[in-house]
Amino acid sequence: MRDVYAIGIGITSFTRLEFPLSEIAAYPVMMALKDAGIKEIDHLYVANMGGARVNHQTGLASAVVDTLSLTPAGAEVIENGPASGASAIKQGFLAVASGMHDVVAVTGAERMREVNSIEATEFVATLTHPLAEYIYGVTLPSLAGMFTRAYMEKYGVTSRHLAMVAVKNQNNALLNEFAHIHQAITVEGILDSPEALTNNPFIADPLRFFDCCPVSDGGASVILATREVAEKTGRPLVRLAGIGQATDTHCVHEREEPTDLLAVRRAAAQSFKMAGVGPLDVGVAELHDAFTILEIVESEEVGFFKKGEGHLALERGETQIGGKIPINPSGGLKGRGHPVGATGVAQAYEIVLQLRGEAGKRQVADPKIGFTCNFGGFGNNVVCLTFAREN
Amino acid sequence: MKREIYAYRCRKCGHLHYPYRMVCAGCGDNEHNEFDPEPLPRAGTLLTFTKLYALPGDFEVPTLGLGIVELENGIRITGQLHIDDPSSGMKVIGEVEIVRSEEYEEYYGMVFCEA
């Protein structure tokens, strides 16, 4: 296999965007090509989950490659639920590593706010098992609520810990001009104040409003290429060093230990093994905090902390931007937003930015290894990426 | 007619599945869908639960109780809860009822009450 480098990155604002889905997907490719200083690619991978259902658009990749005037480059859509982004990066990696292509663009995009929040929740709920979960009214927040209760009862995680994740990530998002949520919050304000029940109502008890990511529109892109092409850009070399992916049972109730996220554990271990590093070598990480509990549990499952101790590390401030292992300096899904198909690529965008030392006010001190965890379904399809800075 | 929800037992190794899958998760050997349906028992223990306030479109109720129950044969199932004040470890008993109504279709599933 050939080594593969991330040579260009681009992103849109994550917010409500009044543009067609194809333009939300195309814009960050323009930015990423400009960033890399190139104009041509061999192939385009588009990560998207809801174009057909939410935006009534199929064959999205053909629209994107054309509006960018990149034809006749090959183009296709990768759909893997909320892990579509990292899955598309994986496909791009395979194309370059195998020698089939030298330069590929990967873009992730979603336009979920074209519909109201009930329809958006319903669209994401189609990830659940049609007969054993969906028919009951099970949504992703309800699976997260049941998971959170089991975790709290077993490991002593409290609503206060969950609120600490929300506060940390929304504070980080204040430093990210592309983030969806620019709102400073405090644990006291969303949990203890007399207004807490109205400003932070329950969504899926014990999860409250500020425990859930927003519904966002947005796009992000990464250009992948060979070392030869990467060296010509004259930019810091960031190698995509490891990729891991694992699946788990479709129904959450079938998992032997209801508080384990085995697909996260397995995907992370594979990704680290391929990169030849361990979790404690990681200097900056983007984890999939669609719900606050997930950041805590993923930080344990990927190996940053022992099982059941992630909330204690959070209390000690170890996951802050200045901490031992900064998690979600971009604001994460909670603060940056979660346009489902774009998220995995947006995570990679942040890690490349951080490894290059270009993250401005939210820059982590000199990270050499960066890591992303992109979580599909309720943990039934997880893709983890490890990036390494080489010079 | 008494409605049932079925689990599926592999004829080769005896592994019991809910929901149905095409190849046995126990032996991985059953290539021919050779499973015997077995009605799920009704009694079980509530493992975890939530009260959902943000409901999908088809539900015209203010909140919805949902939980994961371990039935007395060890099979776990996700179901709706008709329990005012649920707690983990509570003994529950299920009934097969309409759990979702769409315009032209009704879906039956397990609804649990306190035992």
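The values are calculated or read from the model by the stated rules, or taken from the named source; none is laboratory data. Computed from a prediction, not measured in an experiment: that's the story for all the values here. FYI the Cβ positions are ideal-geometry reconstructions off the backbone, even for glycines, and counts take in every protein chain you see.
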Residues within the range B:66-97 that are within 22 Å of B:Met1 (Cα to Cα) and within 10 Å of chain A (Cβ to nearest Cβ), tallied: 2
Top-ranked residue of the range A:116-130 - restricted to ones that are over 11 Å from B:Gly57 (Cβ atoms) and assigned to a loop (DSSP other than H, G, I, E, B), ranked as farthest from the other protein chains (Cβ to nearest Cβ): A:Leu127
Number of the exception - B:Gly109 against (1) at the interface with another protein chain (Cβ under 8 Å from one of its Cβ atoms); (2) part of a loop (DSSP other than H, G, I, E, B): (2)
Count - residues of the range A:169-216 that are surrounded by 16 or more Cβ atoms within 10 Å (Cβ to Cβ), in a loop (DSSP other than H, G, I, E, B) and within 14 Å of another protein chain (Cβ to nearest Cβ): 5
Pair list, Cβ < 6 Å and 6+ apart or interchain, from the range B:30-50 residues that are under 19 Å from B:Thr78 (Cβ atoms) to residues that are of a type in the set (Gly, Ala, Ser) and surrounded by 20 or more Cβ atoms within 10 Å (Cβ to Cβ): B:Glu38/B:Ala7; B:Leu40/B:Ala7; B:Arg42/B:Gly94; B:Leu46/B:Gly67; B:Phe49/B:Gly67; B:Thr50/A:Ser142; B:Thr50/A:Gly145; B:Thr50/A:Ala204
Pair list, Cβ < 9 Å and 6+ apart or interchain, from the range A:241-257 residues that are within 10 Å of chain B (Cβ to nearest Cβ) and under 14 Å from B:Pro19 (Cα atoms) to residues that are among the acidic types (Asp, Glu) and in a strand (DSSP E or B): A:His253/B:Glu70
Which listed residue, of A:Ala132, A:Ala105, is over 23 Å from the mean Cα position of the chain (by Cα) and not β-branched (Val, Ile, Thr): A:Ala132
Residues being assigned to a helix (DSSP H, G or I) and aromatic (Phe, Trp, Tyr) - total across the range A:348-391: 1
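Determine whether A:Ala97 is away from every other protein chain (no Cβ under 14 Å) and either more than 28 Å from A:Asp3 (Cβ to Cβ) or crowded, with 23+ Cβ neighbours inside 10 Å (or both).
Considered against the rule, which asks whether it is away from every other protein chain (no Cβ under 14 Å) and either more than 28 Å from A:Asp3 (Cβ to Cβ) or crowded, with 23+ Cβ neighbours inside 10 Å (or both), A:Ala97 comes out as no.
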Check on A:Val165, under 30 Å from A:Val46 (Cβ atoms), at pLDDT 95 or above and either among the hydroxyl-bearing types (Ser, Thr, Tyr) or not in a loop (DSSP other than H, G, I, E, B) (or both): no
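Listed here are the residues, each with its yes/no results for (1) crowded, with 19+ Cβ neighbours inside 10 Å; (2) touching a Leu at 6+ places or on another chain (Cβ under 8 Å); (3) facing another protein chain (nearest Cβ under 7 Å); (4) over 29 Å from A:Ala32 (Cα atoms).
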| site | (1), (2), (3), (4) |
| --- | --- |
| A:Val106 | yes, yes, no, no |
| A:Arg111 | yes, yes, no, no |
| A:Tyr136 | yes, yes, yes, yes |
| A:Glu153 | no, no, yes, yes |
